[in-house]
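Contents: one structure, followed by commentary.
Computed from the coordinates by the stated procedures, all read-outs in this text should not be read as laboratory data. These numbers were taken from a predicted model, which means no experiment stands behind them. Virtual Cβ from ideal backbone geometry, glycine too; neighbours counted across all protein chains shown.
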Amino acid sequence: MITIATDFGSPYPAAMKGVLCQRTDARLVDVAHDFPRQDVRAAAFWLREVLPYFPPATHLVVVDPGVGTDRNAIVVRAGDHVLVGPDNGVLLPAARRLAPADDREGYVIEETRLESVEPTGTGTTPRAALGSDDDDGGRDRDRGPASNTFHGRDVFAPAAAAVHDADHETLAELSVLRPAEASVDLTLPEPTLEPADSPADADRAVGEVLVVDDFGNAITNVPGPFLADRDRIEANGEVVPVGETFAAVGVGERLATVGSHGYVELDVNQGRGDDAFGLSAGDRVVLERVDDG
Amino acid sequence: MITIATDFGSPYPAAMKGVLCQRTDARLVDVAHDFPRQDVRAAAFWLREVLPYFPPATHLVVVDPGVGTDRNAIVVRAGDHVLVGPDNGVLLPAARRLAPADDREGYVIEETRLESVEPTGTGTTPRAALGSDDDDGGRDRDRGPASNTFHGRDVFAPAAAAVHDADHETLAELSVLRPAEASVDLTLPEPTLEPADSPADADRAVGEVLVVDDFGNAITNVPGPFLADRDRIEANGEVVPVGETFAAVGVGERLATVGSHGYVELDVNQGRGDDAFGLSAGDRVVLERVDDG
Amino acid sequence: MITIATDFGSPYPAAMKGVLCQRTDARLVDVAHDFPRQDVRAAAFWLREVLPYFPPATHLVVVDPGVGTDRNAIVVRAGDHVLVGPDNGVLLPAARRLAPADDREGYVIEETRLESVEPTGTGTTPRAALGSDDDDGGRDRDRGPASNTFHGRDVFAPAAAAVHDADHETLAELSVLRPAEASVDLTLPEPTLEPADSPADADRAVGEVLVVDDFGNAITNVPGPFLADRDRIEANGEVVPVGETFAAVGVGERLATVGSHGYVELDVNQGRGDDAFGLSAGDRVVLERVDDG
C-alpha cells in the first residue's frame with residue numbers, strides 16, 4: 001500500500017498516481033491533497049496524527065517549498081512503515097511517532113539513478129529548456145531532465161514505487177538509496193507547563209495553536225490531561241466550559257475539549273472555534289485552571 | 001466493498017481509511033467527504049439518490065452532530081446493502097429506497113465490544129484525559145478510551161469492517177450488534193399537490209428546496225412529472241421555461257427541468273440556479289402551471 | 001484501469017463509480033472532479049498533460065456543457081489508451097498527445113444500445129417525466145429513460161465499462177459503438193513567435209494563459225525553451241527574473257519559469273502568480289527577451 005499526501009490540490013496528484021500505476025501494483029490511498037500550502041509544520045502534524053492508523057505502508061509525502069533546490073529527497077524507515085519525501089523535516093514527527101529511534105533509519109534518494117519518468121506520446125512535449133545541459137545522469141536529451149517544479153511526479157513517485165516494491169528490511173541494498181548522514185529536523189513546539197511538568201497537575205499551560213482543522217477547531221499543543229477534573233478553564237483570559245463532547249454545550253457555544261489526537265482544542269459546537277476565539281495556526285494560547293470553588 | 005461518506009473534509013477520513021485497511025481487505029470507495037457540515041437531512045438526501053447505483057456494499061456514513069452524546073451507533077440492513085452510521089435518521093431514507101420494510105432490519109452497535117482502535121507507536125499520544133475513568137469495557141488504560149469527538153475512526157470504521165467481513169444474512173449473530181428496538185427516524189418533506197395527488201395531474205405544488213448541488217441547481221422535492229407536457233411554469237411567482245436539458249435555454253438563462261434524481265430543479269444553463277432564483281436549502285417553493293393557451 | 005475526470009464536484013461522481021462497480025471490476029482512479037466548470041478547453045489542457053503519465057487505460061471524461069442536446073457521446077482510441085466522453089473536443093488534445101494519427105480511431109456511442117442504468121430499489125424514484133415517451137430503445141417505461149442532465153452516470157459510465165472490458169483492438173466489434181465520421185475538434189491556441197519559429201531562437205512570443213493552476217501559477221502556451229539562456233524577460237511590459245526553480249527568487253517574489261508541463265509559467269515563489277501578474281485563463285501574454293548586456 002502507498003499512501004499519498006500533498007499540498008497540490010488538483011489535478012497534479014493524478015500525474016503522480018499515473019507514474020505509480022506505471023511502476024507498481026500497490027494499492028493507492030489518498031491521505032490528503034489539501035494540506036495548507038507549503039506549510040511543512042501543519043503537514044508534519046497531520047501525518048503524525050493520521051499515519052499511525054494505517055497498516056504498514058509506504059507513505060509518499062510532498063509538501064516541498066524547496067522543490068528544485070539542492071535539498072535532498074529522502075526515505076525514512078520507521079518500524080514497518082517507510083516514508084518518502086523532501087528533506088525538510090515533514091516526515092520526522094510521524095516517523096518518531098511510528099517507531100523508536102533504534103528502529104528508524106534514513107536514506108537519501110539518488111535522483112539520477114531513478115528510472116526517468118517518460119510520458120506516453122510522440123515527443124510533442126516542450127519540456128527541457130532550463131538546466132537541460134546540466135549533468136542529467138544520461139537522460140534522454142530529447143525529453144529533457146526531471147522538471148524543476150514537479151518532483152512529486154518525477155522524483156518522489158518513482159522513488160516510492162521502488163521502495164514499495166523492495167523489502168523494507170533491505171532498503172540499504174537499493175541502488176537508488178544511500179544512507180543519510182543527517183536530515184533536516186522538525187519538532188513541533190511543546191507547551192510550557194507550570195508549576196508541574198505533568199499536564200494533569202499543571203495549573204497553567206503556555207502553548208500555541210498547531211493547526212486549525214476543517215471544522216474550525218483550534219488544535220493546541222497542550223496535552224488533553226490538562227483538562228482533567230475541571231469544569232471550566234481560562235483560555236487567553238476568557239472562561240470557557242470544559243466538555244467531553246461538542247454537545248456538552250449548546251449549539252453555537254464555545255468549549256474546550258480533548259480532540260481525537262489527544263490535545264486540548266478550542267471549539268464551538270456546530271460552529272468554528274477559530275473564529276469564536278480569534279485564533280489561527282501559530283497563535284499563542286495561555287490556558288489556566290480556574291478556581292471552581 | 002465499503003463506501004465512505006462524511007462531512008469531515010480532510011484529512012480525518014484518511015484515519016478512517018487507515019483503520020479500515022488494518023481490519024479488512026474490502027475495496028474502499030469515497031462517496032463524498034464534503035456533505036454540508038452536520039446537515040443530516042442533506043446527507044440523507046444524497047445517500048438516498050447515490051447509494052442505489054452501487055452494487056451490494058457496506059455503506060459507512062458519518063454525519064454526526066451528536067458525536068459523543070448517548071445517541072446510538074447503528075447498522076441497518078436493506079436488502080443486500082448494509083448501512084453503518086449514527087442513529088440520527090441519516091441512514092433511513094437511503095435504506096427505504098434500497099429495500100422494502102420486510103427486507104430491512106436494524107441493529108445497535110455495542111461499542112464496548114468493538115476491538116479498540118490503537119495507532120501504531122510508542123505510547124507518546126496524549127490521549128485519554130476526559131472521561132478516562134468511566135467504564136470503558138476493559139480498554140487499555142494507558143491508551144485511553146475511544147475519543148469523544150471522532151467516532152468515525154474509533155467506532156464506525158471498526159464496526160463497518162466487522163459488518164463487511166460478516167455475511168449480511170447473519171448479522172444477528174455478530175457479538176458487536178444487538179437488535180434495535182427503534183431508531184431515530186427521518187423523512188424528507190413531501191410537497192403539497194393541488195388539486196390532485198398525482199404530480200402529472202396537479203396544477204400547483206407547494207414544496208421546498210431539499211439541497212443545492214455543486215452546480216448551484218436548486219433541487220426541490222416536487223416530482224418531475226409535474227413538468228410533463230408544459231412549456232412554462234410559474235416558480236415563486238415568476239414564469240420560467242421548462243426544458244428537457246440545460247441547453248434548452250440560452251447560456252445564463254433560467255429554466256425548470258427534471259434533474260437526474262427525478263425531481264424538479266430550478267437551474268441556470270451554465271450558471272447557478274440558487275443565485276438566480278434566490279433560493280437556499282429549506283426554502284419554500286411554489287410551482288404553478290401557467291396557461292399556455 | 002478506468003480513470004475518471006469531471007467538473008462535477010461532489011457527490012455526483014460517486015453515482016458514476018457505483019455504476020462502474022456494478023459493471024466492471026476495473027480499478028478506478030480519480031484524475032480530478034474540480035476541473036473549471038464547463039470549461040472544455042481547460043479540461044482538454046489538463047487531460048493532455050496528465051493522461052500520458054498513466055499506463056494504458058480507459059479514460060472517462062465528463063465536461064459536458066451540451067449534456068442532453070444532440071451532441072454525440074464518443075470513444076477515441078489513441079494507441080493503447082481509450083478515451084470516453086462527449087463530442088465537444090475535450091478528448092482530442094490528449095488523444096493527439098498519446099498517439100499519432102495513424103494509431104487513433106473514433107467511434108460514436110449508440111446510446112440506445114447501452115444496458116440501461118437501474119438503481120436498486122422499489123420503484124419509488126420519481127424519474128421519467130420529460131421526454132419519457134420519446135423513442136427510448138425499449139427501456140422499462142416504469143423507470144423512465146436516461147436522465148437528460150446526468151449522462152456521466154447514465155451514458156458515459158456504462159460506455160466506459162463496456163469499452164474497458166473489451167479488447168481495445170476490437171472496439172469496432174462492439175455493438176454499442178459505430179465508427180465516427182468526424183468529431184468536434186479542439187486545438188489549444190499556439191503562440192506567435194518572432195522572428196523565428198523555434199522558441200529557443202525567438203525574441204518575442206505573443207501567447208496566452210491556458211490555465212491557472214491551484215497554486216496560482218499562470219501557465220502560458222509559450223514553450224519553455226523560450227527562456228533558455230536568459231536571466232530576465234519582459235512579461236506584458238514588466239521585467240521579471242527567469243528562474244529554474246521557485247526558490248531562485250525570494251519568498252513572495254515573481255519569476256518566469258518552465259513548469260512541469262514544459263511551458264513558460266508566470267509564478268510567485270510561495271505565492272500566487274495570477275494575482276501578482278493580474279492574469280486569468282485566456283488573457284494575452286507578451287513575452288520579450290531583454291538585453292542583458
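Worth a mention:
- Residues B:267, C:102, sorted so that the one with the fewest Cβ neighbours within 10 Å comes first: C:102, B:267
- Positive-end residue of C:26, C:59, C:42, charge dipole of segment C:2-179 with Cβ unit charges: C:42
- Going by neighbour counts of Cβ atoms within 10 Å, the residues A:120, C:220, A:149 line up, fewest first, as A:120, A:149, C:220.
- Cut-off under 5 Å, modelled amide H: who pairs with residue C:233 long-range: C:240, C:242
- Sorting C:67, C:108 from the fewest to the most surrounding beta carbons within 10 angstrom yields C:108, C:67.
- Residues with amide H under 5 Å from that of residue A:83, placed H, sequence gap 5 or more: A:59, A:76, A:77, A:78
- Inter-copy label distances at residue A:169, using a point 7 Å along Cα-to-Cβ, come to 4.3, 4.3 nm with the shortest given first.
- J(HN,Hα) series, segment C:271-284, from Karplus relation 6.51 cos²θ - 1.76 cosθ + 1.60, nearest Hz, glycine and proline x: x, 9, x, 4, 5, 5, 9, x, 10, 10, 4, x, 6, 6
- Residues of segment A:199-216 with amide N under 20 Å of the 7 Å Cα→Cβ point at residue A:187: A:199-200, A:205-211
- Available extension along the chain between residue C:280 and residue C:34 is 86.8 nm, counting 0.36 nm per residue and deducting the alpha carbon span.
- Gyration tensor (alpha-carbon) shape descriptor, segment A:239-283, a/c threshold 1.5: oblate
- Normalised contact order of chain B, rounded percent, pairs of Cα under 8 Å and 6 or more residues apart: 15 percent
- For segment C:245-261, the Karplus equation 6.51 cos²θ - 1.76 cosθ + 1.60, evaluated at θ = phi - 60°, returns couplings of 9, 4, 6, 5, 10, x, 4, x, 9, 7, 7, 9, 9, 9, x, 5, 9 Hz by residue, with Gly and Pro reported as x.
- FRET E, pair residue C:291, residue C:197, Förster distance 22 Å, beta-carbon r, rounded to 0.05: 0.50
- Pairwise centroid distance, computed over Cα atoms, of segment B:169-201 with segment A:249-293, Å: 37 Å
- Here the Karplus relation 6.51 cos²θ - 1.76 cosθ + 1.60, evaluated at θ = phi - 60°, turns the backbone of segment C:162-169 into coupling constants of 5, 5, 4, 7, 9, 7, 6, 7 Hz, with x for every Gly and Pro.
- For chain A, the convex hull spanned by the alpha carbon atoms encloses 147 Å³ per residue.
- Averaged over peptide B:15-25, the number of partner chain Cβ atoms lying within 10 Å of each residue's Cβ comes to 5.
- Cut-off under 5 Å, modelled amide H: who pairs with residue C:208 long-range: C:221, C:222, C:285
- The charge dipole of segment B:192-289, taken about its Cα centre with unit charges on the Cβ atoms of Lys, Arg (+1), Asp and Glu (-1) only, comes to about 80 debye.
- Per the axis that maps chain C onto chain B, nearest residue of C (Cβ criterion) and its distance in Å: C:30, 5
- Whole-Å semi-axes of the ellipsoid equivalent to the protein assembly as shown (Cα gyration tensor, √5λ, descending): 41, 41, 26
- Average beta carbon contacts from partner chains per residue of C:6-13, 10 Å cutoff: 6
- Counting Cβ atoms of other protein chains within 10 Å of each residue's Cβ and taking the mean over peptide A:44-57 gives 6.
- Once C-alpha pairs closer than 8 Å and six or more residues apart are averaged by separation and normalised to the residue number of segment A:204-293, the relative contact order reads 40 percent.
- Residues of segment A:171-215 with amide N under 15 Å of the 7 Å Cα→Cβ point at residue A:113: A:171-181
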